[in-house]
Amino acid sequence: MIELAAIVVDSLVYASWLFIVSIGLTLIFGVMNVLNVAHGSLYALGAYTAAWAVGMYVSGAPDAGFELLAIMLVAAVVVGVVVGLLIERGVLRWVYGRDEIVIVLATYAVFLVLEDVMKLIFGPESYIAFQPRFLFGTVSVAGIPYVGYDLLLVPVVALIGLGIWAAIHRTRPGKLLIAVIHDREIAAALGINVTRFFTVTFLCGAFLGALGGALSAPLISVVPGIGVELIVLAFAVVVIGGLGSVEGAAVGALLVGLGRTAAVFFRPELELFVVFVVMTVVLAVRPEGLFGKPKARRI
Amino acid sequence: MPEVLLETRGLGKRFGAVVAAEDVNVSVTAGEIVGVIGANGAGKTTFCNMVTGYLTPDLGQILFRGKDITGCTVGQATEAGIHRSFQIPQLFPGLTVYENLLLAVGVFGHRRPPWWQPLVRPEVENEATAIMERYRIAESATTRVDRLPQGVRKLLDIAMAMVGQPAMILLDEPTSGISTKEKFDVMGNVIDALRKSAATVLFVEHDMEVVGRYADRVIAFREGRVLADGTPGVVLEDPAVIEHVVGRRPGRAPDA
Amino acid sequence: MTLLRRVRLTTAGIAVATAALLALWPLLPAWAAHTVGVSLGGGLVVLGLLILIRFGLVSFGQGLFFAIGGYAAALANQFLGITDMLVLSVAGIASAGAVAWALGYIVRGHRGIFFAMLNLAFSMILFGILAKTVVLGSTDGFSVGVPTLLGFAPDPEAGRLTFMLFGYIVVFTAVVAWWVDRILASPIGYAGQGVRENELRLRYLGVSARGAVHIAYIAAAKLAALGGVFTVLLIGHVTPEDTAYWTKSGEFVFVAILGGSGNVAAPFIAQTVFELVRTFALQYAPDAWQMLLGITLLLVILFLPGGLWSLADRLRGRDA
């Protein structure tokens, strides 16, 4: 029984983490049809910057409190806006309209460049920013002690997800965005500034990627290569749910979270295997994902 | 007695609540040139899609030369000898007109080489050139298809469909997107070329003048059903057809 | 230039290059001969990608078959004691062919990013299995002994890279490249262009697009596996990280884009450039290697969409 409770709680925590690190990827794809490999770099940059900033602050103020969370948030905003703008205005706008695979390759190129940029800025050593993780103490669930920060991820991420959903479906800019998603040309003809929507969407997605990284910084040791591992995992999550679907990403995160946690409990060696088997099965049976819609063709 | 080439029995197809075909019974005799008319959404393209295996009917049967071909694939229908052209021409846009035909002749036609041999060989090249001449598109031979005017695209689309000399060809709106001035040129070209290869033709058309001039027989569709079927003189003067298909009430001038 | 003439020119080019490499052997320093061998091995994987690109498809998981080839050879060597390079090559090709045949039933209906992602997922599954299975060497992988050919064993003093292995790789690669060039000019190669340009029209020409993709997928897999076998024989070691992980697949895609899909020689030229630059970059600027790759990839995408090969075309003046 305790084992079951532990699996459920661990899955939820892990799924929340997966959702926050993948949501930006699916958002950008949904609006722009860009499968952004550089999302992994945004995650890593967010994690590095947050860990570095927290480390700097703590070294000056050893008993720092909740302001650390604000520092992490600022780090994510800075990375998201600066790097997001560089990628979208500097690279992507030159390849809009080309084949979607070419766009994937362009973001892969950005990913390669950023990998080395991070090595040059942050060096090979690992950054650890554990302090924010212990701001909320520990909480006992079904007799198992959990770190408060981990458990808090669940409602916080749920709120972020709901916020994104509401922003798309319940606000005026969101409705215009749906028009852009539906048909770029008609949206442009209606006087919607499609270019600006693209830039803003990309910045939001980039910020979410960096935020995922910043929120992860207290949980992991930030070392070179975390972006490489993250991006394939995020691919699995968004592909399972359906590329471009916010609800899908949530379901994908839950499925992957449950699968991976169960594997960790029962057969740890199957951890990675399980994730990609689920991804393969979904792709094979329903390539548009659980929540995606297949495109119809008129002849 | 001429052979019945295509016969459909009680074809039915629905997309959700939309009835795209209901109890469609059509029979086409070898050598006929049949015009198919109907308002948008009347089920003309659905009919073409079902006959060529692109869509499987929910109900009914399709017989071709007496053989049941219901539910066969596009490839099987093509092999059986039913080809088609498209409302929006379906070509290889990155290749030239000549390369389009080389590809078509080389992978399909009677002159296709064995799969491990180079495709480009004199007999394939000659056939491709001959087709270009037959459809009078030879002067565009080296133009990439995505830079062609619509009229040439339409012709090439039909020429591609005629590779392999089908027993029957369905032309889905062969003159749509072509200026009124060019329409008769294009259609005249096509019908000439088709008559030479003795194919049975079924063409979907909105321009009643074109239908009247080229069809031996006209079938009118309305809301997925056959509304009228007969000679052009009879069908085009049928009051129900005039009201629902031609788009003007009997005895009144056409509005704009 | 007609296609037939292009095929004949390529055949002549392959023959000249093969003869030149074999004749140069005594003059080549060990590192250069090694680079040539490794480039031919990697070039075969990229040649497989070139076939897929002609079909309008890009696989982000070609490392899967590269790994299957490498591991098939390593396992046959380790557990069955087979040392003959010809048998090891056949083992690699056959294993990959069988796997690709089975997986082909799934991937042949997928296009665009779904094809790329599905292959990525396959390769990551294999990576997960290899890295966690002790019998398969886990993350450390295996070592492979010095190979023999038709009963001839090389001089034990001569080291791993002998003229026997070098010549074997050069000749085998040449024959394969010649065959691929021929097939690309055949109806099935043209069907590939049809899949890329407009599948619907191809279907209405009586060709099964899915069937054609399936065949191309198996061919690409066999080429990747052969490349894997050659690489393992040259390097003497195989690990999951260097074969099945997605970054390796990404590297192959990079080389494919760098070379372009204009000619069967392009993958080998691009792979050689890649190996040479990597050798020097890792020595002088190890932290800027990926940056160099990324910038090059961007430049190729933006300014040279046909890859290095189109540069040659441009210099010659198109269709001259």
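Within region B:64-86, restricting attention to residues that are farther than 16 Å from C:Glu199 by Cα and assigned to a loop (DSSP other than H, G, I, E, B), the residue that is farthest from the other protein chains (Cβ to nearest Cβ) is B:Gly66. Do you know which of the residues in region A:81-134 that are more than 21 Å from the chain's Cα centre (by Cα) and polar (S, T, N, Q) is nearest to the other protein chains (Cβ to nearest Cβ)? By that ranking, first place goes to A:Ser126. Do we have C:Ile183 as open to solvent by 10 Å² or more (accessible area, probe 1.4 Å), away from every other protein chain (no Cβ under 14 Å) and more than 13 Å from the chain's Cα centre (by Cα) here? When the stated conditions are applied, C:Ile183 does not pass them.
Checking the conditions here, which among C:Leu40, C:Leu49 is modelled with pLDDT of 90 or more, in contact with a Phe, Trp or Tyr (Cβ under 7 Å, 6 or more places away or on another chain) and open to solvent by 10 Å² or more (accessible area, probe 1.4 Å)?
C:Leu40
Please determine whether any residue of region B:148-161 is over 19 Å from the mean Cα position of the chain (by Cα) and free of Cβ contacts under 8 Å to residues at least 60 places away in the same chain. Yes, region B:148-161 contains a residue that is over 19 Å from the mean Cα position of the chain (by Cα) and free of Cβ contacts under 8 Å to residues at least 60 places away in the same chain.
When region A:261-271 is examined, which residues are found to be open to solvent by 40 Å² or more (accessible area, probe 1.4 Å) and assigned to a helix (DSSP H, G or I)? Steps first, answer last, please.
As a first pass, look at region A:261-271 and keep what is open to solvent by 40 Å² or more (accessible area, probe 1.4 Å): A:264-271.
Matches in region A:261-271: A:Val264, A:Phe265, A:Phe266, A:Pro268, A:Glu269, A:Leu270, A:Glu271.
Checking C:Leu126, C:Leu120 one by one, the residue that is touching a residue at least 60 places away in the same chain (Cβ under 8 Å), in contact with a helix residue (DSSP H, G or I) (Cβ under 7 Å, 6 or more places away or on another chain) and open to solvent by 30 Å² or more (accessible area, probe 1.4 Å) is C:Leu126 and no other.
Any residue at all in region A:8-24 that is modelled with pLDDT under 90, open to solvent by 20 Å² or more (accessible area, probe 1.4 Å) and within 12 Å of chain C (Cβ to nearest Cβ)? No, every residue in region A:8-24 fails to be modelled with pLDDT under 90, open to solvent by 20 Å² or more (accessible area, probe 1.4 Å) and within 12 Å of chain C (Cβ to nearest Cβ). Looking across region B:72-126, the residues that are open to solvent by 30 Å² or more (accessible area, probe 1.4 Å) and in contact with a Gly (Cβ under 8 Å, 6 or more places away or on another chain) come down to B:Thr73, B:Gln76, B:Glu79, B:His110, B:Arg112.
What residue, of A:Leu290, A:Leu243, A:Leu283, is in contact (Cβ under 8 Å) with a residue 12 or more places away in the chain, within 13 Å of chain C (Cβ to nearest Cβ), not in a helix (DSSP H, G or I) and not polar (S, T, N, Q)?
On the way: A:Leu290 fails: within 13 Å of chain C (Cβ to nearest Cβ); A:Leu283 fails: not in a helix (DSSP H, G or I).
Going through A:Leu290, A:Leu243, A:Leu283 in turn, the sole match is A:Leu243.
Hey, does region C:71-86 have a residue that's over 24 Å from C:Thr173 (Cβ atoms) and open to solvent by less than 40 Å² (accessible area, probe 1.4 Å)? Steps first, please.
Quick first cut of region C:71-86, residues over 24 Å from C:Thr173 (Cβ atoms) only: C:78-81.
Still in the list and also open to solvent by less than 40 Å² (accessible area, probe 1.4 Å): none.
No, region C:71-86 has no match at all.
The number of residues in region C:192-217 that are facing another protein chain (nearest Cβ under 7 Å) and in contact (Cβ under 8 Å) with a residue 40 or more places away in the chain comes to 2.
Listed conditions (1) more than 20 Å from the chain's Cα centre (by Cα); (2) more than 9 Å from chain B (Cβ to nearest Cβ); (3) of a type in the set (S, T, N, Q) are all met by C:Ser249, apart from (1).
The values are calculated or read from the model by the stated rules, or taken from the named source; none is laboratory data. These figures come from a predicted structure and were not determined experimentally. With ideal geometry, Cβ positions are generated from the backbone for all residues, glycine too; neighbour counts draw on all protein chains shown. Ligands, DNA and RNA are stripped out before the accessible areas are found, and what is left, the full protein with its side chains, is counted by its heavy atoms. Shrake-Rupley method; radii C 1.70, N 1.55, O 1.52, S 1.80 Å.
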